[in-house]
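The structure under discussion appears below in the form of structure tokens.
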Amino acid sequence: MSKDLTRFDFKDIDKCLVVLLGLSDSELGSALCITNPMHRKKIRLAVEEQRNPGEAKYPKSSRLDHTWIAHRWIPDLGLSQYKCEFENNLVDGRILNILSKKEMEKHLNIHRKFHHASVLHAVELLRRLNFDKEVLIERRSKSEEGDTDPLVWTNERVIKWVQSIDLEEYAENLKDSGVHGAILVLEPQFNADTLATALGIPPSKSYIRRHLKTELESLVKPARDNLTLNNSFSTLGRNSTLGRSFRGPNLDTSGSKTRISFRGSLGRAFGRKVKEDLNKLTIDVETPKRKISAPSDFKHNTLQSVFEQEITPKTNSS
């Protein structure tokens, strides 16, 4: 039976906590007229922490209020398009710590798999800093002085770095992409091809892509090596659920489930087939020339395919 809290004296905090903890989710909604499930979860987490403050793993998470999360943290990730959802659902530090992919899809309207990973890696960074906002702000401030500590870089800082390596014409494509320092460093599958796709650099511009690869490796490798030495590399990318979210659809032929790689044997086979056709081709006045089609453009089942499927970069004038 639902409890009547309309006449309850909330000045007695101990009794209040006992009553709130005893309510089921439906009772909490009806007694306090709270219909939003994320709001009910926020109350439960806050009450539980007040009941057992010593058991809180990240006590500083309570200091990250929903206003700071929605208006500062989310835009820093390059996900400003979700600012209203986070604000309306009153997402704070406690909720972030246990936020799931299902909740992002259902309540925060985040459906792109790469954006799921972007948020999850940003939360992982907060955990590494014990949800200490001041430490995060201080490290970001110091990283502005040079290309150091990319782990804490904001989306805007990544854009600034792209501009500094002479790729200004592509830099603005990273806005609202969800690319930030934590996913650059913590996600093992994030590489130069992924970033090039996010930037909208065509595959035909191989020189620019090689340049980007060199610069990205020189930036990210020291940070990843440091995490490896400290045995603190992210396990998010190895998680089965998250790992699947980075993979594109399997490519198969004749019903085969074998994955196809353009750089693998099939790609080489296509190359030999074209070369053999060219050698056998003869010019005959009475017989029309045989038309040879280029090999199909197969995509890798990697993080890059997620960008190609879900993020449509702005067309560059170049």
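Quick note: the coordinates plus some simple rules give every number you see, no bench work behind them. It should be emphasised that the depicted structure is a prediction, and the values quoted were computed from it without experimental measurement. A quick note on method: Cβ atoms are made from the backbone with ideal geometry, for glycine too, and the neighbour counts reach across all protein chains shown.
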How high is the FRET efficiency between D166 and E145 when r is their beta carbon distance and R₀ equals 22 Å, given to the nearest 0.05?
0.60
Any idea what Rg and Dmax come out to for the stretch 103-211 if you just take the C-alpha atoms, in Å?
14.7, 44
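Among 77-85, 212-220, what's the highest-first ranking by average C-beta atoms within 10 angstrom per residue?
Final packing ranking: 77-85, 212-220.
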Using the structure shown, select from K42/K175; K60/K133; K41/K113 the pairs with a Cα to Cα distance greater than 20 angstrom.
K42/K175; K41/K113
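Given R₀ = 22 Å, FRET efficiency for E138-W68 by Cβ-Cβ distance, to 0.05? Mind showing how you got there, number by number?
Details: r = 16 Å, r/R0 = 0.71.
Given R0 = 22 Å and the Cβ-Cβ separation, E is 0.90.
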